[in-house]
Each structure stands twice: as C-alpha cells, then as structure tokens.
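Here's the structure, in structure tokens; my notes come after.
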Amino acid sequence: MAYGDPIRNHNPNNPWNLNHFRSLPAADNMARMIYSEARGETLEGKRGCYHVVLNRIAVNLAEFGGNTINGTILHPYQFTGMTTLSAREPNRSTQAWTDSLDVALNGGANPIGSCLWFNTNALYNNRSRIRNGREEYSFNGLTYREVVEKRVLGNHTFFRVSGYGGGGSNPIYRVIVDGTQVGAYSQYPNILNEISNRIGTASQIQIQKI
C-alpha cells in the first residue's frame with residue numbers, strides 16, 4: 001500500500017475510532033495528519049503541525065497518546081483532521097499532498113518551539129482572553145491556563161499553556177528505521193529501548209538530532 005492510498009472508514013458512526021489507520025506506517029499517518037489539518041498552509045505551517053507531534057512525543061504524556069507517532073496522531077480527540085475524508089483519501093495529485101509527505105518524511109526546522117497544541121486563529125481567539133496582563137486559554141470554556149508560549153503561522157495559532165513542560169533542555173532525537181521515523185525522544189533510555197526493539201528486524205536504523 002502506497003503512502004496516501006484511500007482507506008475505508010470502518011466506523012462511520014464513531015469518527016474518533018481511528019483503528020483503520022493503525023496498520024499504516026508512521027510516516028503515512030503523519031502525512032495524512034499534516035494534509036488534513038494544514039493542506040492550505042505554507043511549508044512552515046505544515047512543519048508546525050509536524051513538530052506539535054514531536055513535542056508531544058517528547059513530553060510523553062498519556063493524554064497525548066504516549067511516545068510514538070501513531071499513538072500520538074491517532075489518540076482520540078486530538079487531531080480532528082484524522083476523522084475526515086481528507087485523511088482517508090488525500091488528493092495525491094496536489095502540491096499540498098506532496099509537501100505534506102515531504103515534511104512527514106524529512107521534517108525540517110522547528111518553527112514553533114515547544115508548543116503542544118494548535119487551533120485555527122479564529123478558534124484560538126474565541127477561547128483565549130487577556131486577564132491581569134496575561135494571555136490565558138480555556139479548553140473547556142470554564143477554566144483558563146496561562147499561555148506561556150505562542151506562535152501564529154498563517155491560519156493557525158500554535159501554543160503551550162502553563163503546567164506542561166516543553167520537553168526539557170535535552171535535545172530530541174529521531175529514530176528512523178528503514179527510512180521511516182518510528183519515534184522521537186529526549187531521554188537516552190527511550191532511544192536505546194526503541195533501538196533494541198527494532199534491531200532484530202530492521203535493515204537500517206538512524207538516529208538524527210532534531
């Protein structure tokens with residue numbers, strides 16, 4: 001199955017049941033997420049979405065789906081684009097898909113720092129406020145957290161709120177197995193564990209500093 005091949009929705013009554021994506025390579029799901037969320041954005045905007053996934057992997061929280069690409073992208077209620085036809089059947093003849101796949105495979109410079117979320121600018125503005133000189137954001141419309149990091153790229157606002165670390169001061173390393181990124185980690189034991197799990201079946205394993 002090639003990257004971006006159409007897949008059938010096996011759970012039309014539950015859009016957040018994304019099991020039909022779980023057998024796909026991590027790079028394919030990353031490209032589908034980028035395309036479905038940011039196909040109209042610049043390369044920088046697409047890289048922002050890519051790095052939100054890596055930043056979530058680095059903090060390794062259950063609420064984000066853990067420390068793998070597929071686990072993070074397919075975690076329920078995180079990336080709405082993955083519930084849409086754009087993710088299941090991307091238009092592979094477009095430059096938007098070509099760019100999304102290129103970013104998924106090759107990454108690129110991080111334009112968003114340690115941000116862990118992104119919304120459309122309109123949604124972000126609707127959910128945020130300035131109070132006592134500080135910008136705050138609400139996920140549920142009831143409680144607010146201070147915004148400690150923010151970057152606007154095109155039609156998306158990337159941000160991080162208080163209480164969520166930015167992955168610490170350690171650099172993040174990609175683990176690439178046979179040309180596909182399978183994880184990104186800031187802690188060396190996690191890197192070594194990923195390698196040990198793959199070394200028996202992989203033809204080539206690469207470690208790249210992000």
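Values in this text are rule-based calculations from the coordinates and carry no lab data. Values in this document were obtained by computation on a predicted structure and should not be read as measured data. Neighbour counts are summed over all protein chains in view; Cβ atoms, including those assigned to glycine, are modelled from backbone coordinates with ideal geometry.
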Residue-count net charge about Lys46 - beta-carbon cut-off 11 Å; Lys, Arg +1, Asp, Glu -1: -3
Which of [x] 17.0, 56; [y] 16.3, 50; [z] 22.3, 89 is the computed Rg and Dmax of the Cα atoms in Å for the structure on display? [x]
Where in the chain lies the longest segment free of trypsin sites (Lys or Arg not before Pro) that are both loop residues by DSSP (not H, G, I, E, B) and have at most 12 other Cβ atoms within 10 Å? 23-210
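Which value, in debye to the nearest 20, describes the size of the charge dipole of the chain about its Cα centre when Lys and Arg Cβ atoms bear +1, Asp and Glu Cβ atoms bear -1, and nothing else is charged? Provide the component values of the computation, followed by the final result.
Working: 20 positive and 15 negative charges, 66 e Å.
In total the dipole reaches around 320 debye.
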With the charge dipole of region 24-166 built from beta-carbon charges (+1 for Lys and Arg, -1 for Asp and Glu) about the Cα centre, the Cα from Gly71, Gly81, Asn126 projecting farthest to the positive end belongs to Asn126
